[in-house]
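Before any comments, here is the structure.
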Amino acid sequence: MSPTENPTAKPTNTNGMDWGMRSRMERLIPGGKRCFFLAVDHGYFLGPTSKLERPGETVEPLAQYADALFVTRGVLRSAIPANIDTSIILRISGGVSVTGTLEDEALTTSVEETLRLGADSVGVSVFIGSDLEHKTLMNLADAINQYERYGIPVMAVTAVGKELEKRDTRYLAMACRIAAELGARVVKTYYSENFEQITESCPVPVVIAGGPKTDDDLEVLTFVWDGIERGAVGVNLGRNVWQHEHPVAMAKALRAVIHDNAKPGEAIEIVREAKAKA
Ligand code: 5RP
C-alpha cells in the first residue's frame, strides 16, 4: 500500500480557519497532505553544531528540497537569503543551553518580531513529564493565545531533553495529544513503533523528528516511510540530512519518499548513486 492509499493518513483539516491561517498551513503542508521541514534550529541550545557552523552554507543547497525551514530568528536574519522560496517556521522557545537545564525554556521571540520577519509559523518545545512540564506547556498555551490572533500556526515540539529513553509510543501519544488539546496546529514528535497509535489519537497533523545522525540511511528512509504509512504528514529532520556525507542526495531521497511515494528501497538509490559518483 502506498502512503497516498493509507486510510489512516490525516490530511490537514482547514475547515473554519481564516484565510491567513489556511494560507500559512498550505505553505507548510502543501495540499494539506505531506511536508518536509528541514530543521536547522539546533544552535539555539547547542551552539555551533557540527556541519551547522555556517548555517547559510548548510542551508543553501538544501532549502529547495524542503517545504519549510525550522530556524531561529538570529540565523534567519544573518544567514538565510531574503528571496528564499521555502516557508519559515521560527523557533520561539529557548533561553537554555546544553550545559544547563534544557527544560527551563521561555518564549524568546515576540509576535511583532515574527510578523516583521515574515515567518509562516512558529515552534515551541514542551517537556512533558519533566519538573518543568507546567512551565513549558504554558509557554505553548501562551504562544497559541498570541499567535492565533494573527492567523499564525504554532507547531508544538514534544521534546525529551536528555531523557531519550522516554521516546516510547505511549508517552509520545500522550505528549502529542496534550499539545493538540492546547491548540497546536501541528505537532512534532519522535518516531516510535506502532506510530498509528500516535497519529490516530492526535487531531492535528503529526511530523516526525529525526534525532541523532545514524549511519544507516535506509533506516532513516524506512522510519520516515513507515511513519507516513501510519498517518504522519511528514518530517522535521535535521542532522540526518545536513550531517550526511551527501546532504543533497539525502534531501532528495527524503523528498522522494515524502512527496513522490517512493519506497525506501527506491529512494536509497539516490544516495547510493551520489556515493558511487564521489
Ligand atoms: C532541536 C529540534 C530539532 O528541530 C529536531 O530535533 C529535529 O532535528 P534532528 O532531526 O536533528 O533531531 O527541535 O531542538
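The values are calculated or read from the model by the stated rules, or taken from the named source; none is laboratory data. These numbers come from a predicted model, not from an experiment. Positions of Cβ are generated from backbone atoms using ideal geometry, with glycine treated the same way; all protein chains shown enter the neighbour counts.
Quickly run through region 56-73 and pick out the residues that are farther than 14 Å from G238 by Cα and within 11 Å of the ligand (Cβ to nearest atom).
Passing the criteria: none in range.
For region 128-205, list the helices (runs of 4 or more DSSP H) that sit wholly inside it and hold at least 3 residues that are within 23 Å of T108 (Cα to Cα) and not small (G, A, S); which are they?
Correct list: 133-148, 169-182.
Checking S130 against (1) away from the ligand (no atom under 16 Å from the Cβ); (2) surrounded by 18 or more Cβ atoms within 10 Å (Cβ to Cβ); (3) over 18 Å from the mean Cα position of the chain (by Cα); (4) not charged (D, E, K, R), only one condition comes out false. Which one?
Tallying (1) away from the ligand (no atom under 16 Å from the Cβ); (2) surrounded by 18 or more Cβ atoms within 10 Å (Cβ to Cβ); (3) over 18 Å from the mean Cα position of the chain (by Cα); (4) not charged (D, E, K, R), S130 fails exactly one: (1).
Is it the case, given these coordinates, that R230 is under 15 Å from the mean Cα position of the chain (by Cα) and touching a residue at least 40 places away in the same chain (Cβ under 8 Å)? Talk me through it step by step, then tell me what you get.
Values: under 15 Å from the mean Cα position of the chain (by Cα): no; touching a residue at least 40 places away in the same chain (Cβ under 8 Å): yes.
It is false that R230 is under 15 Å from the mean Cα position of the chain (by Cα) and touching a residue at least 40 places away in the same chain (Cβ under 8 Å).
Quick test of your reading of the structure: V186 fulfils all but one of (1) without any contact (Cβ under 8 Å) to a residue 40 or more places away in the chain; (2) under 15 Å from the mean Cα position of the chain (by Cα). Name the failing condition by number.
(1)
What is the number of the single condition among (1) within 11 Å of the ligand (Cβ to nearest atom); (2) over 17 Å from R255 (Cα atoms); (3) within 15 Å of the chain's Cα centre (by Cα) that G210 does not meet?
(2)
Can you list the helices (runs of 4 or more DSSP H) found entirely within region 219-278 that contain at least 3 residues being within 14 Å of the ligand (Cβ to nearest atom)?
Fully inside region 219-278 and qualifying: 239-242, 247-259.
Quick check on this structure: which one of R91, R170, R177 is more than 21 Å from A39 (Cβ to Cβ), within 18 Å of the chain's Cα centre (by Cα) and either surrounded by 24 or more Cβ atoms within 10 Å (Cβ to Cβ) or not small (G, A, S) (or both)?
R177
Being part of a loop (DSSP other than H, G, I, E, B) and among the aliphatic types (A, V, I, L, M) is the filter; apply it to region 67-112 and report the residue that is nearest to I258 (Cα to Cα). Let's see the steps before the verdict.
Step one: of region 67-112, the residues part of a loop (DSSP other than H, G, I, E, B) are 67, 72, 80-86, 92, 95-105, 108-110.
From what is left, the residues that are among the aliphatic types (A, V, I, L, M) are 80, 82, 84, 92, 96, 98, 102.
Numbers: I80: 24, A82: 26, I84: 21, I92: 26, V96: 32, V98: 31, L102: 31 Å.
Going through the qualifying residues, I end up with I84.
Just need a number here: residues in region 240-267 that are among the hydrophobic types (A, V, I, L, M, F, W, C) and surrounded by fewer than 19 Cβ atoms within 10 Å (Cβ to Cβ).
Looking only at region 240-267, we keep the residues that are among the hydrophobic types (A, V, I, L, M, F, W, C), and these are 241-242, 248-251, 253-254, 256-258, 262, 267.
Adding the requirement that they be surrounded by fewer than 19 Cβ atoms within 10 Å (Cβ to Cβ) leaves 248.
The total comes to 1.
Kindly indicate whether T101 is crowded, with 19+ Cβ neighbours inside 10 Å and over 25 Å from Y65 (Cβ atoms).
For T101, the condition - crowded, with 19+ Cβ neighbours inside 10 Å and over 25 Å from Y65 (Cβ atoms) - is not met.
Quick grid of which residues meet (1) modelled with pLDDT of 95 or more; (2) within 13 Å of the ligand (Cβ to nearest atom); (3) touching a Leu at 6+ places or on another chain (Cβ under 6 Å):
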residue: M138; (1), (2), (3): yes, no, no
residue: A141; (1), (2), (3): yes, no, yes
residue: N145; (1), (2), (3): yes, no, no
residue: R149; (1), (2), (3): yes, no, no
residue: A156; (1), (2), (3): yes, yes, yes
residue: K162; (1), (2), (3): no, yes, no
residue: A175; (1), (2), (3): yes, no, no
residue: E181; (1), (2), (3): yes, no, no
residue: A184; (1), (2), (3): yes, no, no
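Could you identify the single residue in I84, I80, I89, I128 that is among the hydrophobic types (A, V, I, L, M, F, W, C) and free of Cβ contacts under 8 Å to residues at least 24 places away in the same chain?
That would be I84, the only listed residue that is among the hydrophobic types (A, V, I, L, M, F, W, C) and free of Cβ contacts under 8 Å to residues at least 24 places away in the same chain.
So which residues in region 51-66 are surrounded by 14 or more Cβ atoms within 10 Å (Cβ to Cβ) and assigned to a loop (DSSP other than H, G, I, E, B)?
Correct list: K51, L52, E60, L62, A66.
Here's a check for you: in region 33-55, which residue that is over 11 Å from G238 (Cα atoms) and of a type in the set (D, E, K, R) is farthest from the ligand (Cβ to nearest atom)?
K33
Checking T199 against (1) under 24 Å from V154 (Cβ atoms); (2) within 14 Å of the ligand (Cβ to nearest atom); (3) of a type outside the set (D, E), which test does it fail?
All conditions pass for T199, except number (2).
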